[in-house]
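Peer 1: Okay, here's the structure, questions in a sec.
Taken together, the values in this text are just the output of simple stated rules run on the coordinates, not laboratory data. Owing to the predicted nature of the structure, the values given are computational and were not obtained by experimental measurement. When we count neighbours, we look across all protein chains shown, and the Cβ atoms used for this are built from the backbone with ideal geometry, even at glycine.
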Amino acid sequence: MDEEVEDLFNRATSIDTVDIYRVWERKCDECLDFLRETCRNSKRRRSTRVVNASIARIARLEGLRNVLQQRFEHVGSGRVESQKNGFSWLEIETAFNNRVLTGVVLNSSYIEPRQFLDDVRNIVIDLIHDNLQRHICLKVNTIFNGEFVAYAKRSAESITTKNYELFDTSDLREWYDEHVTDDILAALEEFQERDSGWALSRIPNLIVNVNNLVTEDLMYFDVNNLYGWAMSESLPYGEFQWVDDIERFDVMSVSSDSVIGYILEVDLEYPQSVHDAHVDLPFCPTREWPPGKRNVKLLVTLYNKERYVVYYRNLQQCICHGLRITKIYCILQFAQSPWLRGYIELNTRFRMLANNEFEKNLYKLINNAVFGKLNKPIYIGMCILEIAKLRLYEFHYEYIIPLYRDTCKILYTDTDSLIYLLECENVYEDIKRDIARFDTSDYPDRNAYDIPRVNNKIPGLMKDENCGVIMTEFIGLRAKYIYIYKILPNNCILINCEVSVGFLRRNLFNKYPSFKEVSKCDKGCPEKFKTLPLVQVELETLIGK
């Protein structure tokens, strides 16, 4: 194909009649069809180099054909109407997975490179702007193709600009002036000075490659008043008895709002086939000794479970996601109803009406205090803890996994929160689309994502803990111990840590471990100690340390 393209270029210099031009044009069309098929054929794997070379040949041939059309076609035919400004736009279909647009600005009359780049700026910016409406982030580069002469020699050279990330908030004119025009002209000047004797004789085209930039988002999701939501569900209150006919018991036939509830003791098989899918968040936590440790910890593992005690709704969830019951030892049956729902909803309404942080936290803590009291009798506390797990597992396995599949990873989990690394175009568009799942009431009024403020403090709904502010870095050192992350603007540092002296909430900033210090801990560097203030009671006296 290289030889055929070069032959077309050589023959073009000797075309002097319309008939010869027609023959040349038919041959040119055949070459262009072959090159276009090379670019867009996704069934045959071709290297990036081959596709890019084909794009460059298409651009050269189209440019040459346009020049010849101006000589041999009638202007009134409409075939060269797009050339009235001295350039035209050609779009080339390619099979690159993330390629949004490959386009070529074909030059027909420009000689001076700055004038050419300045005049085509609007067409390039408009096309990129249109694509940014559909893709929030793009990666763009340009290729300036020029023909150079030195004495009797001729050479075609390309100047490629670096890939540049553009967002819907980017100043496209500033990008074009600095990273297209200035960079190309500087490289052009350097080339002509370095290779003395070469001079630019013609500007065939400017190629624009626009790729969809798959971004990685760090998202911190937190469940609204998780225990309050769990206490609003059906809870046991009496009529306890053992189920006699456990062989015929079908746990999947019991509805979630049944007036009869069950707690089962079972053996569960965790099939190998679901291990990869469940590795981030396995079902059925157990209290065990971690390898090499002396203290019992709550662990989530992919091991089979023996004599595992579980609430029936959690067991249903496990079975739906691939776990299998191998044996049932016993089943405890009881009457249940949402007898706490009215109290929880009353406090939730008060919390929704609160206009300061103290009142918001007060009504949340009033709900949680009830849970603390209900730890005894233990069957209520056990069911509340089990039901609370349902919401986190449901969000991960029935929303996040189907939506992002293998492009999501859990970095951190707590009882009511998840920190994800997500590869997606725009996670905030997903939140806006599925807003019934989220509490967005703490977002700014006029946020950049146009997300409405709804579902204020409704228990059980997920919320973005950072309220649309971008998290840029995250370090997690130990479960339930310390994690630290940066958010925009200005890479503000937020710390969450739990130490023996108590629980320190966020916003500790410069007084406490810096991001750099925590990062060194993560890499195994020597420990560094910080003195933290403490308020505690000793012999009924309030002491500050």
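Peer 1: Which shape class, rounded, prolate or oblate, goes with region 317-404 when its Cα gyration tensor gives a ≥ b ≥ c as root eigenvalues, a/c under 1.5 marks rounded, and past that a/b bigger than b/c marks prolate?
Peer 2: It comes out oblate by the Cα gyration axes.
Peer 1: Give the dimensionless ratio obtained when the Cα radius of gyration of region 84-213 is divided by 2.2 N^0.38 Å.
Peer 2: Normalised by 2.2 N^0.38 Å, the Cα Rg of region 84-213 equals 1.08.
Peer 1: Among 326-333, 389-396, what's the highest-first ranking by average C-beta atoms within 10 angstrom per residue?
Peer 2: In decreasing order of mean packing, 326-333, 389-396 become 389-396, 326-333.
Peer 1: Please give me the summed charge of the neighbours of Pro271: other residues whose Cβ is under 15 Å from its Cβ, Lys and Arg +1, Asp and Glu -1.
Peer 2: Here the charged neighbours net out to -1.
Peer 1: In what sequence, highest mean first, do 270-282, 456-468 appear when ranked by Cβ atoms within 10 angstrom?
Peer 2: Highest-to-lowest ranking by the protection proxy: 456-468, 270-282.
Peer 1: May I ask which of Lys389/Lys409; Lys327/Lys376; Lys389/Lys457; Lys364/Lys389; Lys364/Lys463 have a Cα-Cα span longer than 23 Å here?
Peer 2: Result: Lys327/Lys376 exceed 23 Å.
Peer 1: Which order do the peptides 297-306, 112-121 come out in when sorted by mean C-beta neighbours inside 10 angstrom, highest first?
Peer 2: 112-121, 297-306
Peer 1: Where does the charge balance sit around Glu429 when Lys and Arg score +1, Asp and Glu -1, over other residues with C-beta under 12 Å from its C-beta?
Peer 2: -3
Peer 1: Where does the charge balance sit around Gly63 when Lys and Arg score +1, Asp and Glu -1, over other residues with C-beta under 12 Å from its C-beta?
Peer 2: Cβ neighbours under 12 Å give a net charge of +2.
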